[in-house]
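These notes concern the structure reproduced below.
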Amino acid sequence: MEFVLIAIAILVVALIAGVGLLVGKGRRTTRLDDDALPGTTLTRPRPPAPVEQPRPSGSTASGLGLPPETAEAPPVDLPPAEAEPDLVFETPPPSAGRLVRLRSRLARSQSSLGRGLLTVLAREKLTEDDWEEVEETLLAADVGIGATTQIVERLRTQSMVLATASGADLRELLVRELTAVLGPDMDRTLGVTRHEGRPGVVLVVGVNGAGKTTTVGKIARALVGDGKSVVLGAADTFRAAAADQLETWGERVGVLTVRGREGGDPASVAFEAVRTGVEGEVDAVLVDTAGRLHTKSGLMDELGKVKRVVEKQSPVTEVLLVLDATTGQNGVVQARVFTEAVTVTGVVLTKLDGTAKGGIVVRVQQELGIPVKLVGLGEGPDDLAPFEPRAFAEALVGGAD
Ligand SMILES: Nc1nc2c(ncn2[C@@H]2O[C@H](COP(=O)(O)OP(=O)(O)OP(=O)(O)O)[C@@H](O)[C@H]2O)c(=O)[nH]1
């Protein structure tokens, strides 16, 4: 018995030393964890990008999680990577300014909301029927009753101005009113920066098919594009394909993915990912979780456990709820339940490219008090943008170019 215990102890020490050594050496390796599938790979973290990415001057949203005053990425002391001739990493574009680049993806919301409103407001003398049309247009775009009333009232007080306004003035006025209901003062900084010697830890949650895994992959790319180092945790142990998918996202940009056995304990994978991130001194650890129905209390409790276990390693700095923008009111209901389980700190609205209801951003924020931090605007690897109220309002109204 004693012999077995000693053997296990030696094995554990050897495994820990092995992981440290191999990750430190920056090699691809087999995961040394008895919870892992044989042959599961760890892809080494990418060393910090030496190239400074250009940022638009005067931009308030300077990129994912980088507050304007700390826009310079701190140097990260990762070990030098060894050359692996068969590995070629993609270099994703930085995150700043993406919303402007992707604005045409909001075409469906744009034509039904922005152009619809501009058409009515441009009429010579606005009648009660016209105001009703404005209201209906806003409600149809899922702006929500509270914000709709606010916008209509504010526009009505400016009827005199509207009557004589040029097309450009009208557009500006509408952009201003939409921006005002999009929570321009909300803090949208992502918790993806190192703090007190520890990485930012992001837990990504949501119902099945909302776009969690895709979003984790896209965030990883954007962070790499911003010159940050990342570790991914595939805590969706329910579906092996989800871990494969995540690993592929990571491999393309040279970030490490920690995964476990299919059906294994998601909390232990998340713990392991964060431990690896702490030891590797990376900027951020992004943990993907399995899709779960908000109506299943057991699954929601499991999420609470994942967070508690992770926090034995390092505080969770961001809990992102991924909501499918096409689900309307149901998204708001989901958000309420998720936030009871894990205190959601930010929302990612995905599939905004596939809906005419871009106003859902307003509703989610007003009804939940949680900022929308990122928006998904397509299935492409870089179709994710930091949310910026003014740029979003401009994109919705359209017609500037
Ligand atoms: N059009 C569009 N499709 C998206 C967007 N984000 C994700 N998707 C698609 O949504 C589908 C589901 O994405 P996943 O990332 O697998 O969703 P998930 O939430 O991880 O799913 P589960 O693991 O089953 O819970 C995929 O086909 C994605 O390409 C987006 O912003 N726009």
Please report Lys351, Lys125 as a ranked list, fewest other C-beta atoms within 10 angstrom at the top and most at the bottom. Lys125, Lys351
So if I take the centroid of the Cα atoms in the range 302-331 and the same for the range 111-138, what is the distance between those two points in Å? 39 Å
If amide H atoms are modeled at 1.01 Å from N in the peptide plane, then the residues at a separation of 5 or more from Val201, or on another chain, having amide H under 5 Å from its own are Val285, Thr317, Glu318
Convex hull over the Cα atoms of the range 81-213, averaged projected area in nm²? 13.4 nm²
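Order of 378-391, 257-270, 159-172, 279-292 by packing, highest average Cβ count within 10 Å first? Each step should come with its number before you reach the end.
Working: 378-391: 20.6, 257-270: 22.3, 159-172: 13.1, 279-292: 24.6.
The peptides rank, most packed first, as 279-292, 257-270, 378-391, 159-172.
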Between Thr119 and Lys312, what is the FRET efficiency for a Förster distance of 45 Å, r being their Cβ-Cβ separation, to the nearest 0.05? 0.20
Normalised by the empirical 2.2 N^0.38 Å for globular proteins, what value does the Cα Rg of the range 107-181 take? 0.99
Based solely on C-alpha atoms, express the radius of gyration and the Dmax of the range 200-389 in angstrom. 15.2, 45
Could you list Asp301, Asp226, Asp236 in order of exposure, starting from the residue whose Cβ has the fewest other Cβ atoms within 10 Å? Asp301, Asp226, Asp236
Step through the residues of the range 173-186 one at a time and calculate ³J(HN,Hα) from phi using the Karplus curve (6.51 cos²θ - 1.76 cosθ + 1.60, θ = phi - 60°), rounding each to whole Hz and writing x for Gly and Pro. 5, 5, 4, 4, 5, 5, 4, 4, 8, 8, x, x, 9, 5
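Values in this text are rule-based calculations from the coordinates and carry no lab data. The structure displayed is predicted, hence computed values, not measured ones. Virtual Cβ from ideal backbone geometry, glycine too; neighbours counted across all protein chains shown.
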